[in-house]
Each structure stands twice: as structure tokens, then as C-alpha cells.
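The values are calculated or read from the model by the stated rules, or taken from the named source; none is laboratory data. Just so we're clear, the structure is a prediction, and the values are computed from it rather than from any experiment. Here Cβ is always computed from backbone atoms with ideal geometry, including for glycine, and neighbour counts include all displayed protein chains. Heavy atoms of the whole protein, side chains included, go into the accessibility calculation; ligands, DNA and RNA do not. Shrake-Rupley method; radii C 1.70, N 1.55, O 1.52, S 1.80 Å.
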Amino acid sequence: MPQNTPQTLKGRILTRHLVQRDEGLCLQYYLATEQGPVLVEVPGQEQICFAKEKDAAALCQSLSQVRTQPLALRNFAKEKVAALYSRSRQQMRLLQKQAQDQGMPLYEADLKPQQRFLIERFIALDAEFYGYFSEESGALQRFVASRARKASLNNIELAVISLDLECSMQGELYSVGLYGRDRNGALFQRVYMIGQAQDGPDYIHWVRDEAALLQALIDWFCLWDPDIIIGWSVVNFDLALLSRRYAHHGIEARLGRGGVPMSWLVEGKYRPETLSLPGRVVLDGIDWLKAAFYQFERYS
């Protein structure tokens, strides 16, 4: 089908992101589809929150990029509320600070636009987007969408990989182990190890030093392109250590889908909620045990 031709795209949402652009906020969703991974973008969006109708005008007065609109809605105290819209994340932060300083409550200001878009359409995992494939070339197909709705998919296979590092007490890497299944269900295993080549299993690949190991891992992620990464303390330890070693060598940690660098929303805070690894779901065994209410004296 020609590009820029309106069509629908169904897929399983892996990760959700928000990008600031000149025309407003752009919602990004990395999807696993029958045709392979796709980056869906919903451009020209606004961040929304709500305030008491009597407070709305005062809150917007000094913020040029925030507009207000009365609604037929009320808060729990049965007071009229208005919606506040902003195309700028910076302006929304200023609005939140101004509301706090003036003691004026905001409602749903903590709800991220990329989450709200899905919630309002009752989308939890699988979605159908309406739009067109972009003509821009790149490492990943890009689909520009204007609408979306909930879908139900049963035939999307995901590639899963387990990641494990071995290192010195000072954090210098010795090896990286990878084990999992591809989208066809075939098992895969590989170990990148620093040192002189020795006889051993075919899945061991020898590299000359730590920098070469880090680059080999980037190349592997680009080639094998997993949807899901699992491991034990894989965020707090493995990905955190990788992030520090990439920075030490001045190499961009391009482990995200399409070669997008791995990053952290709060510098130096290596937690699942601060990790940004576009297009790849990271499941940490310890956090999932805790989420399922399992309790142990220690998780080592």
C-alpha cells in the first residue's frame, strides 16, 4: 500500500512516551505488530488537567500557552470545573506551581498525556490506530495516527531475552549473557566475554576489551531486536551498570528500539520507574515478586 494512504494499524503496545515539538506534544507508542515493530506517533496533542471554574481564569492569566474551557462537569464537592489545556510541558509545570502557590487545587494534573490518551479510549494493551505510514526513512517504521480504539489480538508473538552481567567488585565488566526465544519460538543464547579466544561452546563470543563488549551488545540489540528484557534486579543492577560503563567509555547506550539511547528520567536514580528504554519492556523479577505480594527476608 502506498505511504501516506490512510489505513489502520493493529498492534500490542510495548512502551509509551511523550515528546515536545514545536506544534505541541507528540505521543509515541512502540508497537509489536504482525509486520514487525512500529513506532506510532500522535502529533499535535495537549496536556489536560482540571480546576474549579472560578479559579481557571486566574490560573491562566500569566500563562500564554495555557487555555481554559468550561465543562459540564463537577468535582466531588459539586463545584463546577473547567479544563486547562497546554501544548507545552514547561507551561504545565508552571501552571502546577502557580496553583500550588495560590492554594488552588488541580485535578488529574499528574496523569501523563500518553496514558490519558489510552485510558480515555479504554485501551490497556492492544490497539488499532488510524493514520498513515510516514515516508521518512529510518531504522524503524513510523506510523502517524489521528485516532485510536481498543483492539483484541491473539497472534502477536514477542521476542523475550534474559540479560545477566558478570563484573569485578569495581564494576568493570567481564561478560554479558543473553538467553531467550525469538518471535518464532526458537531458543537463543549468547555470551560476550572479554579475553583471548579459547575453545568452548559456539555461543561464546570473545571480545578484546570492555568497550568492544559494549559495542557488541549494541549491535546485538539492533540485530536481534527483543521486545521484552527480563532478569533478576535487571534494572537496579544490570541496566544501571551498563549505563555507567557506557558513560565511562563515552559510548551512547543505543539499546532502545531503532537505536534510541537508553536513558533515566532522574539522573543517578536507577529504578524501574525512572528507566526509559523505548520499544522494550523490562520486567525485573524482584519487582514482580513484590508486586504479587511475595515476601522474603532478602531477594539476593
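A few comments on the model shown:
- Residue pairs, from the table 52/269; 10/290; 54/97; 52/97, whose Cα atoms sit over 24 Å apart: 52/269; 10/290
- Dipole magnitude for the range 153-300: about 300 debye, using +1 per Lys or Arg Cβ and -1 per Asp or Glu Cβ, origin at the Cα centre.
- Accessible carbon and sulfur surface of the chain relative to its total accessible area, %, 1.4 Å: 50 percent
- Option label - semi-axes √(5λ) of the Cα gyration tensor in Å computed here, alternatives (1) 136, 35, 14; (2) 37, 24, 17; (3) 41, 24, 18: (3)
- Accessible solvent surface per residue of the range 233-300, calculated while the other protein chains remain in place, 1.4 angstrom probe, Å²: 57 Å²
- Under Karplus coefficients 6.51, -1.76 and 1.60, residue-wise ³J(HN,Hα) of the range 184-196 in Hz, glycine/proline x: 9, x, 7, 6, 9, 8, 7, 10, 9, 10, 7, x, 6
- Think of it as helices only: each DSSP H run of n ≥ 4 in the chain is worth -39500 (n - 2.57), and spread over all residues that comes to -6000 deg cm²/dmol at 222 nm.
- Cα-based helix-to-principal-axis angle, 240-249 vs the chain, degrees rounded to 10: 80 degrees
- Accessible area (Å², per residue) of the range 77-192, counting only protein heavy atoms and a probe of 1.4 Å: 59 Å²
- Hz values of 3J(HN,Hα) by residue in the range 85-100 - Karplus curve (6.51, -1.76, 1.60), Gly and Pro given as x: 10, 9, 8, 10, 5, 5, 5, 5, 5, 5, 4, 5, 5, 5, 5, 5
- Amide H contacts for residue 73 (H built 1.01 Å from N in the peptide plane; partners 5 or more residues away or on another chain; cut-off under 5 Å): 81.
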